[in-house]
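Asks: Would you mind keeping the following structure in view while I ask a few things?
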Amino acid sequence: MKKLHLYFNNPRKRKILLLILLVLSASPFSCNKKKSDYMVLRGPFVQSVIETGELQAVNASTLTMPRINSIYGYNFKIIGLAEHGKHVQKGDQVFRVDPSSVQKYIIEKRESLENEIASANKLKASISNNIQDLRAQLRNEQASFDIKKLQLDKSAFESEAVKKVIELEFRQAEIRLDRIKRNLELRPKLDSLDYRIQKIKLIQKENDLRAAEQTLNQLIVCSPLEGIFVVANNNRTGQTIKVGDEVFLGNIVARIPDIRTMKVNGIIPENDISRIKPGLKVIVRLDALPSVPFNGTISKVSRVCIEQDKKKVFLTEVLVSETDLRLKPGMTVRCEYITYESGNEIYVPTRCILEENKHFYLYVIKRGKIAKTEVSTGPSNNIYTIVSGDLRSGQNLVLPEKIITGK
């Protein structure tokens, strides 16, 4: 230790030692660099394709403006709306529609119903009075008829002219009596029809009023399931619907995705589509939480290639296996499609492979010398390629460009 201390105290020797260390550290064939960056490796190997996608719920409920009768109007204002992105439970109130036009209609119908009830009661009383009047008329005409009949019986001893007059008067009394009897027979039937018509009008008014009162309940919309409340855009303005907006009947107000089952709508470049098929394992990572992987499988692969962002791609659908509240519709994810997976393979950095005349070579350091070794290649990923040949794990490699350039 004392000698080493004296060695470092010598300025000239200290400079020489530092220079030697700098040369060794800058050497292109440093053992540490070769071992850490370029060597033959053995172990688990995964080949994958990584692309972006967007999370969506497998099941979602669409909430629209209530489909009510147009007699109440066409445009209705939103007077209550749950917060965008709120986690709602089944049965929670999520939005309310202005009920003023329906309430006005109900007031009018109640007044109309009261008038119809009064008309029905008036008609019922009128029918009863008409029957009583007809019966009174029948009694009068019957008495008149009886009198004329007696006069006719007494006219046997009168002159022919007087008898003729009495017979005509009797005939008139008989006609009036028959008419009253027919009226008394037919009038209740006609009055019954009038009363039935009035009752039908009354029932229609009651049904209209009942329907309007039920419509009031439709103007309060509740969530049909548990999920995230996602407000839609207003077709008239193109902006997110807010309280006070007028929305046409039947238009979409919001969606509530069921976040218990999620999927990813993704893409695959046309160059990689031959390796992609339904059932393949997929690792899904949120851009907002890249350290946490979620498992999934490909459920659908489109059969038609489309152009997206000036690239030819196929659409995919990935079902996420886990249920996690951190997975929310609309979030951007990165999907790692596992196209090949093995637990024990020999592989090397892809940039270490030299291709010549459809043959593949590696520059392997064997016993301190660089040997050009032919290998066969297998699946590859973004960094490594599986190889087979006269190789063993841990052998150091040299980049082909360093051999070619002599550096």
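Readers should treat all values here as calculations from the given coordinates under stated rules, not as data from a laboratory. Note that the structure is predicted; figures quoted are calculated from it, not measured. For neighbour counting, all protein chains shown are included, and Cβ atoms are generated from backbone atoms with ideal geometry for every residue, glycine included.
Asks: Please name whichever of I127, L193, I203 sits farthest to the positive end of the charge dipole of region 102-216, dipole taken about the Cα centre and charges placed at Cβ: Lys and Arg +1, Asp and Glu -1.
Replies: I203
Asks: Taking the Cα-to-Cβ direction at I79 and at T332 and moving 7 Å from each Cα, how far apart do the two end points lie in nm?
Replies: In this crude label model, I79 to T332 measures out at 4.2 nm.
Asks: Which FRET efficiency value, to the nearest 0.05, do you get for Q103 and C305 by plugging their Cβ-Cβ distance into 1/(1 + (r/R0)^6) with R0 = 60 Å?
Replies: With a Förster radius of 60 Å, E is 0.60.
Asks: Another question, then. Length gain on complete extension for the stretch E246 to R275, per 0.36 nm per residue less the alpha carbon to alpha carbon distance?
Replies: Stretched out fully, the E246 to R275 stretch lengthens by 5.4 nm.
Asks: Another one. Does a label point 7 Å from the Cα of N217, set along Cα-to-beta-carbon, have any residues of region 101-122 with amide nitrogen under 18 Å, and which are they?
Replies: 102-103, 106
Asks: For E322 and A118, what is the calculated FRET efficiency with R₀ set at 51 Å and r taken between the beta-carbons, to the nearest 0.05?
Replies: Rounded to the nearest 0.05, the efficiency is 0.15.
Asks: Let me ask something else about it. Could you tell me the relative contact order of the chain? Use alpha-carbon pairs under 8 Å, at least six residues apart, and round to a whole percent.
Replies: The normalised contact order for the chain reaches 27 percent.
Asks: Please build a GNM for the chain, connecting alpha carbons under 10 Å apart, and tell me which residue among V40, V230, V282 fluctuates the most.
Replies: Greatest mean-square fluctuation among the candidates belongs to V40.
Asks: Please state the charge dipole magnitude for region 102-216, taken about the Cα centre, from unit charges on C-beta atoms (+1 on K and R, -1 on D and E), reported in debye and rounded to the nearest 20.
Replies: Using Cβ point charges on Lys, Arg, Asp and Glu, region 102-216 gives about 160 debye.
Asks: Given 25 °C and 0.890 mPa s, how large is the Stokes-Einstein diffusion coefficient of the chain in µm²/s, with Rh as the Kirkwood radius over Cα pairs?
Replies: 76 µm²/s
Asks: Shifting gears a bit: How high is the relative contact order of region 312-407, given as a whole-number percent (alpha carbon pairs under 8 Å, six or more residues apart)?
Replies: This gives 24 percent for region 312-407.
Asks: Among E54, E246, E141, which one shows the biggest mean-square fluctuation in a GNM of the chain, springs joining Cα atoms closer than 10 Å?
Replies: Comparing E54, E246, E141 in a Gaussian network model of the chain, the most mobile one is E141.
Asks: Further question: For N129 and K149, FRET efficiency with R0 = 35 Å and r from the beta-carbon atoms, rounded to 0.05?
Replies: 0.70
Asks: Quickly estimate the mean residue ellipticity at 222 nm for the chain, helices only: each DSSP H run with n ≥ 4 gives -39500 (n - 2.57), and the total goes over all residues, rounded to 500.
Replies: Using -39500 (n - 2.57) per qualifying helix, the result is -13000 deg cm²/dmol.
Asks: Near K300, within a Cβ-to-Cβ distance under 11 Å, what is the net charge of the other residues, with Lys and Arg +1 and Asp and Glu -1?
Replies: That sum, taken over residues with Cβ under 11 Å, equals +2.
Asks: Just going by the charge dipole of the chain, with Lys and Arg at +1 and Asp and Glu at -1 on Cβ, which of A288, G378, L319 is farthest out on the positive end?
Replies: G378
Asks: Taking the Cα centre of the chain as origin, sum charge times position over the Cβ atoms of Lys and Arg (+1) and Asp and Glu (-1), and report the length of that vector in debye to the nearest 20.
Replies: Roughly 2840 debye, rounded to the nearest 20.
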